[in-house]
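Worksheet for the structure shown next.
Nothing in this text is a laboratory measurement; each read-out follows from the coordinates by a stated rule. Remember, it's a predicted structure, so these values are computed and weren't measured experimentally. Because the Cβ atoms are built from the backbone with ideal geometry, glycine has one as well, and the counts that use them run over all protein chains shown.
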Amino acid sequence: MLAPGFIDMHTHSDRSLLVDPDAQSKVQQGVTTELIGNCGSSPTPFLGAVADEEGARLARWGVAPTWRTMGEYLDALEDGGVGINVLALVGHGSVRKAAMGYAMRPPDAQELAEIRRLVAESMAGGAIGMSFGGIYPPSNYAATEELIEASCEVAAANGIYACHMRNEREGLLDAVRESIWIGRESGAAVQISHHKASSPRVWGLVNESLKLIEDAHADGLDVAFDQYPYRASSTNLNAMLPPWAHEGGPAGMLARLRDPAERARILDDLRGDRPSGTGAGLTADDILIASCRTDRSLDGKTVAQVAEERSTEPKETILDILEQNEADVAAIYFSMSEDDVRTVMRHPLMTMGSDSVSMTIGGRSAEGKPHPRTYGAFVRILGHYVRDEGVLSLEEAVVKFSGRCAARLGLADRGTVELGKRADLVLFSAERVREAATFQDPHRYAEGIELVVVNGRVAVERGRHTGTLAGRVLRNPRA
């Protein structure tokens with residue numbers, strides 16, 4: 001089957017593309033374009049707390065940042081070469097960090113003006129929009145009014161407000177309403193990130209949240225959403241902590257974990273009926289350690305297994321793991337219903353987003369045991385949900401991967417196989433295409449992808465990467 005190159009609407013490859021620019025985990029699935037900078041996080045503007053954190057993170061990979069602005073960062077990507085087309089969002093959390101650090105309060109007039117200025121600067125530098133990180137400090141410290149103000153700068157450049165909503169559990173419907181309201185008030189297009197009901201307590205609620213999105217769309221709002229095809233999510237283990245525990249950044253959080261009174265307060269929140277962080281309604285068996293930077297022996301173990309090995313209570317074990325590993329621990333949460341995954345997938349406003357970091361096996365970014373969506377999200381739909389289960393037709397899946405995404409991003413010259421358009425193409429076997437990555441063995445490339453062409457140059461041939469870096473940095477095509 002020949003199809004347009006696939007477009008990944010939701011990724012976090014901002015840093016990995018600097019060290020593993022061939023992005024093979026994506027390209028070997030047939031992905032030729034990805035949208036980076038999601039969930040409120042981007043490596044720009046490189047100021048204040050952003051510079052401190054990003055500089056330390058990139059130093060581990062031997063990267064010395066040469067940028068301050070979004071435009072300069074995109075120049076750096078371009079100069080280094082990329083194996084995949086790239087569009088970028090600026091993270092609201094990064095903008096807020098640059099303007100006012102991790103202060104858990106509303107910005108004053110001067111700080112709000114600086115937030116707006118940095119968003120406008122990023123849009124002028126080529127960002128296609130701004131992302132919100134609704135569970136990640138300091139992005140989630142912002143009130144709705146602040147997000148509207150910042151999104152006005154996005155709307156001025158015809159950009160997109162991409163939102164990891166504040167709540168995907170009991171507060172899901174209110175979070176959708178807030179996202180829609182921000183779009184209405186600011187004029188920005190709205191892209192709801194990885195739409196789901198992320199707790200057994202609210203399974204089935206996606207039927208109501210989808211109706212809210214449908215009604216807003218029918219009323220003229222430019223709103224859609226993306227999804228990855230798994231019942232497990234992934235983020236940092238510290239997302240389980242209440243928002244106030246993050247004030248002051250990583251250093252402030254670690255100080256609280258090491259203070260007996262503050263640690264007890266955090267534990268009270270985790271053990272409550274409605275914990276304020278990620279993981280409500282989940283057991284210790286539902287939480288898998290994906291990547292623990294300083295103690296690799298934990299990678300691939302559940303919290304329950306670690307607690308049993310240490311003879312400690314599971315919630316205490318979570319805090320111990322965070323404290324002992326500088327809170328740099330990625331985790332996987334088995335929190336969704338398979339029925340909900342299918343319901344969201346079928347919806348006509350759904351576009352595809354892996355919510356992953358592009359990696360290359362053997363590369364510097366291929367650490368730990370990441371969620372298998374990193375290597376298999378697109379082919380999982382083609383193999384499991386299209387061929388094996390019939391949840392979507394092949395044509396429906398491909399348009400959700402390509403044409404619909406291209407239209408959303410303003411990519412008029414991509415997204416369909418057509419004379420005169422950019423030659424981003426994927427040739428695959430509908431009978432053999434499948435995900436090879438698993439939760440315990442994730443670093444495995446997709447199968448059944450025979451040929452991938454990026455901007456007219458062959459990137460994958462007979463299932464092997466050619467080493468070509470034919471990708472381009474695409475600066476706000478919606479502007």
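Centroid-to-centroid, using Cα positions, the stretch 113-183 and the stretch 254-276 are 28 Å apart.
Expressed in nm to one decimal, what extension gain is obtained for the pair residue 430 and residue 181 from 0.36 nm per residue of sequence separation less their Cα-Cα distance?
Values: separation 249, 0.36 × 249 = 89.64 nm, distance 4.11 nm.
Contour length minus the Cα-Cα distance gives 85.5 nm.
For residue 234, the amide hydrogen comes within under 5 Å of the amide hydrogens of 333, counting only partners 5 or more places away or on other chains and with H modelled in the peptide plane.
Taking packing as the residue-averaged number of other Cβ atoms within 10 angstrom, the listed peptides 18-24, 359-365 run from highest to lowest as 18-24, 359-365.
Dipole magnitude of the stretch 166-239 about its Cα centre, charges +1 at Lys/Arg Cβ and -1 at Asp/Glu Cβ only, in debye to the nearest 20? List each step's numbers first, then the result.
Numbers: 8 positive and 11 negative charges, 74 e Å.
The dipole magnitude comes to about 360 debye.
Normalising the average separation of contacting C-alpha pairs (under 8 angstrom, six or more residues apart) by the number of residues puts the relative contact order of the chain at 22 percent. Across the stretch 8-37, no residue has a backbone nitrogen under 13 Å from the label position 7 Å along the beta-carbon direction of residue 451. The relative contact order of the stretch 235-334, computed from alpha carbon pairs under 8 Å that lie at least 6 residues apart in sequence, is 36 percent. Counting only the Cα atoms, the chain fills a convex hull of 127 Å³ per residue.
Evaluate the charge dipole of the chain about its Cα centre and quote only its size in Debye, nearest 20, assuming +1 on the Cβ of each Lys and Arg and -1 on the Cβ of each Asp and Glu.
Dipole of the chain, to the nearest 20 debye: 800 debye.
Less than 5 angstrom separates the built amide H of residue 223 from those of 190, all sequence-distant by 5 or more or on a different chain. Under the shape rule built on the C-alpha gyration tensor, where the axes satisfy a ≥ b ≥ c, the stretch 262-303 is oblate, since a/c reaches at least 1.5 while a/b does not exceed b/c.
What order do you get for 405, 163, 152 when you list them from fewest to most C-beta neighbours inside 10 Å? Mind dumping the intermediate values first?
Working: 405 25, 163 30, 152 17.
Result, fewest neighbours first: 152, 405, 163.
Computed log10 I(q)/I(0) for the stretch 235-334 at 0.19 Å⁻¹: -0.87, from the Debye equation with unit scatterers placed on every C-alpha and solvent omitted. Its residue count N sets the reference 2.2 N^0.38 Å, and the alpha-carbon radius of gyration of the stretch 389-479 equals 1.22 times that reference. A simple charge model with +1 on the Cβ of Lys and Arg, -1 on the Cβ of Asp and Glu and nothing else charged puts the dipole of the stretch 235-334 at about 120 debye relative to its Cα centre.
Positive-end ranking of 175, 249, 391 along the dipole of the chain, with charges on Cβ about the Cα centre, is headed by 391. Site pair residue 267 and residue 53 shows an inter-label distance of 2.7 nm when each label is modelled 7 Å from Cα along Cα→Cβ. Of the options 477, 330, 454, report the single residue whose Cα projects farthest towards the positive end of the charge dipole of the chain (beta-carbon charges: Lys, Arg +1; Asp, Glu -1). It is 454.
For residue 91, the residues 5 or more places off, or on other chains, whose built amide H falls under 5 Å of its own are 42, 44, 131.
Local charge for residue 167 was computed over the other residues whose Cβ lies under 13 Å away, with Lys and Arg +1 and Asp and Glu -1, and equals +2.
Let me check I've understood the local charge: for residue 228, count other residues with C-beta under 14 angstrom from its C-beta, Lys and Arg +1, Asp and Glu -1. What total comes out? Summing Lys and Arg as +1 and Asp and Glu as -1 gives -1. Take the Cβ atoms of residue 297 and residue 113, set R0 to 51 Å, and the FRET efficiency comes out at 0.60.
Give me the one-decimal Kirkwood hydrodynamic radius in Å for the stretch 1-67, with the sum taken over alpha-carbon pairs.
Values: mean 1/r = 0.0752 Å⁻¹.
This gives a value of 13.3 Å.
Out of the DSSP beta bridges found with both residues in the chain, what percent are antiparallel (nearest 5)?
Working: 25 of 52 bridges.
Here the share of antiparallel DSSP bridges comes out near 50 percent.
With the biggest extent put first, the Cα atoms of the stretch 41-101 measure 35, 24, 15 Å across the principal axes. Considering only 101, 89, 63, and ranking their Cα positions along the charge dipole of the stretch 49-107 that arises from unit charges at the beta-carbon of Lys, Arg, Asp and Glu, the one farthest toward the positive end is 101.
Computed over the chain, the per-residue total of -39500 (n - 2.57) for DSSP H runs of n ≥ 4 gives a 222 nm mean residue ellipticity of -10500 deg cm²/dmol, rounded to 500.
Output the Kirkwood hydrodynamic radius of the stretch 1-123, Cα pairs only, in Å rounded to one decimal.
Numbers: mean 1/r = 0.0657 Å⁻¹.
By the Kirkwood definition, the hydrodynamic radius is 15.2 Å.
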